[in-house]
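Report on the structure given below.
All of the numbers you see were taken from the coordinates with simple rules; none came from a lab. Here the structure is a predicted model, which is why all the values come from computation and not from measurement. Cβ atoms come from the backbone with ideal geometry, glycine included; neighbour counts cover every protein chain shown.
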Amino acid sequence: MAIKHYATAARNRSVEGDMTVEEFKEWLKRFDVDNDGRISREELRRAISSIKIRFSGWKSGRGIRYADADGDGYIDADEVDKLVEFARASLGIRIVS
């Protein structure tokens, strides 16, 4: 039962209620510590960890693999929309259009 409950809670998790895609992008930029305009796996791990999602290291790797179209190991501006899809489906973040 606890696993089922956790899965439901994770699906409904949000950063601060519903957010728009633009708000998600702005939130994500806060974790771009080297200000290179890209999100690394470590930066994504910190973002995921900041909203108390378990297994942030593993989920950040999955997020990078899902969204990184060019295979360079980073999420850049052209790939953020795929990361939004991942966040909605796998992290339970409520992102509205």
FRET efficiency for N35 and D78 from the Cβ-Cβ distance with R0 = 22 Å, rounded to 0.05, comes out at 0.75
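How do the peptides 56-64, 41-49 rank, highest first, by the average count of neighbouring beta carbon atoms within 10 Å per residue?
41-49, 56-64
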FRET efficiency for S49 and E22 from the Cβ-Cβ distance with R0 = 25 Å, rounded to 0.05, comes out at 0.65
